[in-house]
Every structure is written in structure tokens, then in C-alpha cells.
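Here the structure is laid out as C-alpha cells; the discussion comes afterwards.
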Amino acid sequence: MKISTQFDAGAVIVIDAENPADIRLQLRPDNASDFAQWFYFRLQGAAYQNCVMHFENAASAAYPAGWEEYQAVASYDRQNWFRVPTRYENGVLTIEHTPLANSVYYAYFEPYSHEQHLNLLGDAQGSGLCQIDDLGSTVEGRDINLLTIGNQAASDLKVWVTARQHPGETMAEWFVEGLLARLLDPQDPTARALLDQATFYIVPNMNPDGSVRGNLRTNAAGANLNREWQNPTVARSPEVYYVREKMLETGVDLFLDIHGDETIPFVFVAGTEGVPSYNGRIAELEIRFKNAFAAASPDFQDEHGYAKDAPGQANMTMATAWVGEQFKCLAYTLEMPFKDNDNLPDDDFGWNGQRSLRLGEAALSAILSVLPQLR
Ligand SMILES: [Zn+2]
């Protein structure tokens, strides 16, 4: 029996893998910070054996509450990911599964690899409707790419979408894949109506270094990018620095920052009610957006989510707060679950890549509904 992690986003620490009935593992922290929760490893040589895998340091994960009701994902081919029995007891997370083949992968959530990311860029460019720009390089020299879709007319509304500031939140890039596919479909009436009036600026992966390294929350320098928006630097947070510079150049009329939440088993948004300039106009836009989103996707809801910020109490280092205040625009952090949407649960798959992709498609309907009021 062998456990390995030397592939894109691979991450686990093996303490003892001699006995399938008692495989001892640890979550591996991000490369330059203490955050730990993401895991992704390959297990070979255990076909038809009952494998009991213990994460002995699960209690010191970034979000221990994320393990309640959580089921890990597994795949034989890295295309089809399914949930496997998982329990959290006495601070230890345990996966118990009998693989039906000699080679099987286990992960915290369905991965989205750097190769997939590059293919996504290539496919978008190949549509003939999308321009790819390089905004700069990450800490480790990977490309920070921006997709621009639309006529780029001065009068166009500027819609910005960023995803995967937190690299372990792979659902965010699946969401972008769905949104892009619909936006680049020349037969889709919603896409056509949107592109009549708006130019889209999309960063499918804000944190390529952290993604490849299998980090949960930080870039290669240990920065939590979603706490860097007030004073980003080229040395510590170039990913934010360059995207922010581009935003200041284009302007922003609507901003969506796409994330996953470890703990809350619902899809929800968090807005800018705590920024100094929040007012009735933004509040009305929020209501319109949320109603349209709920109509477009039964996976969206507005009952469960984060507690609202008190007036003036927003954390201005976060992307949504900084953008909302800087551009006086509708700005949302969109959160999807790592576990499942408890309003529409799926025992076999939980929340996954495909469901994130469908949500990305639906988000365009919500964006269209607010377009006339954005300025
Ligand atoms: Zn996040």
C-alpha cells in the first residue's frame, strides 16, 4: 500500500500507512502559513480492503466546524468524484472506504488543476469572443490572467468577477467555467443582452501558486489575498496588486468575488452593508440581485449566511468591501458550500464541480436583472 501527493494540489502528511485498517494521516498546512484543511492524495494497492484513514490533527484545521456533517470525496479517474463515508469524532476526521480498484484518489473537494485552468483560458480565447491579458506574475512566476469579454466601449457597464483568492475553494473556478461557457455562447439570449451593454472582466484564478501547492487559503508568500486589498504589495500579494491596478483603470460597476465556505451548507452572498458609502441605492440593487438569483437557481438562498456587518464596520482589507467602497458599486462575495446545499441535498455527490458550474450559468441571469440600475 502506498500514499502519494506529488501531483497538482496534492497535500497530506503520512504518519503510518502500513495497516489499511489504521492509516494515520495529518492535514498539511499551507506552505507559508498555519492554515490547514485541504487534502488530496492517491492511495494505491488497497483494492477491496476496508481502508480506515484518520486525520489526527483535524481539530487544529482552519475550520474545525467544517468537519461536522462533512463527507470527503473520492475518484478513480479524477473525472468522477463521489462522496465517501466520513466522520468527525474526538477531534479526529476519519474516512472509511473500500476502494474497488488499486488506484484511488481522496480529496477535500473536487479539485480544479492548473492544467484545467490553462485549458479554460485556451477554450475561452478559442471562442473568438474573449481576449486574454497577462496582468503580471505571481510570487512564484505563474501568470495572472484576465479574460475580457465584450466590446470594451467606454459607455459599457464594467462587470468584474474574481475567483479562487482562496485556492482550496476550487468550486469558485468551476463556477467561472459555467459562467464563461454561457457568456461565450453566441446563441444564449442572456449572454447577448448582457454583452450589448456590458464588458466582463474575469479572473478565473486569483491564486495559481496556492492552487498548485494545494494550499487552502494563502499564496506562496503566506498572504491571505482576501485581506490584502487595502495595501497590496508586489512582493507579498502581487495577485491582488495587479488586479486592483487594472480595476482602477477600467472602473467597476458590479463585482462578484467567488468563494467556498467550509462550514455553512448553503449558497449565499455577503454584501457591503458595512462600508462607509453604503446607501439605499446599493440596498435596492442587492434585493433585486438576490431575488433574480433565487429565481434563476433554486440552489441560491438568502436565509442562511454570515451575520451582517454593522454600519461602518466592514473589514476594508477584503476585496468586496474595498471594491464596493472604491467604486460605489454593487459588490458581493458569493459563497458555495464544501459540504452540500441542505435545501437540495445530494447524498452521492454533495456540492460539486457541476453544481458550481450551473450556479455560474445562473448568475448571469441575476446580473442581467440589475444591469439597467447599476449606474
Ligand atoms: Zn474564501
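Tabulated data
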item: Residue in the stretch 336-344 that is under 15 Å from residue 291 (Cα atoms) and polar (S, T, N, Q) present; result: no
item: Any hit, the stretch 215-236, residues being under 23 Å from residue 156 (Cα atoms), within 15 Å of the ligand (Cβ to nearest atom) and in the same structural domain as residue 154 (by TED's automatic domain parsing); result: no
item: Condition check for residue 65: within 24 Å of the chain's Cα centre (by Cα), open to solvent by less than 30 Å² (accessible area, probe 1.4 Å) and among the hydrophobic types (A, V, I, L, M, F, W, C); result: no
item: Strands (runs of 3 or more DSSP E) (entirely within the stretch 253-357) containing at least 3 residues that are open to solvent by less than 50 Å² (accessible area, probe 1.4 Å), modelled with pLDDT under 95 and more than 16 Å from the ligand (Cβ to nearest atom); result: none
item: Meets criteria (within 22 Å of the chain's Cα centre (by Cα), at pLDDT 95 or above, in the same structural domain as residue 124 (by TED's automatic domain parsing) and away from the ligand (no atom under 16 Å from the Cβ)) for residue 197; result: no
item: Answer from 231, 215, 205, 226 - the residue that is among the polar types (S, T, N, Q), under 21 Å from residue 134 (Cβ atoms) and at pLDDT 95 or above; result: 205
item: Of all residues making up the stretch 260-275, the number that are out of contact with any helix residue (DSSP H, G or I) (no Cβ under 6 Å at 6 or more places or on another chain) and in contact (Cβ under 8 Å) with a residue 60 or more places away in the chain; result: 8
item: Residue identified as of a type in the set (A, V, I, L, M), open to solvent by less than 20 Å² (accessible area, probe 1.4 Å) and farther than 26 Å from residue 169 by Cβ among 73, 52; result: 52
item: Test: residue 200 is in contact with a His (Cβ under 8 Å, 6 or more places away or on another chain) and either without any contact (Cβ under 8 Å) to a residue 60 or more places away in the chain or assigned to a strand (DSSP E or B) (or both); result: no
item: Only one of 177, 169, 140 that is of a type in the set (D, E, K, R), open to solvent by less than 30 Å² (accessible area, probe 1.4 Å) and at pLDDT 95 or above; result: 169
item: Unmet criterion (only one of (1) open to solvent by less than 30 Å² (accessible area, probe 1.4 Å); (2) without any contact (Cβ under 8 Å) to a residue 24 or more places away in the chain) for residue 18; result: (1)
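The values are calculated or read from the model by the stated rules, or taken from the named source; none is laboratory data. Worth saying up front: this structure is predicted, and the values here are computed from it rather than measured. Because the Cβ atoms are built from the backbone with ideal geometry, glycine has one as well, and the counts that use them run over all protein chains shown. These accessible areas exclude ligands, DNA and RNA; they are computed on the full protein's heavy atoms, side chains included. Shrake-Rupley method; radii C 1.70, N 1.55, O 1.52, S 1.80 Å.
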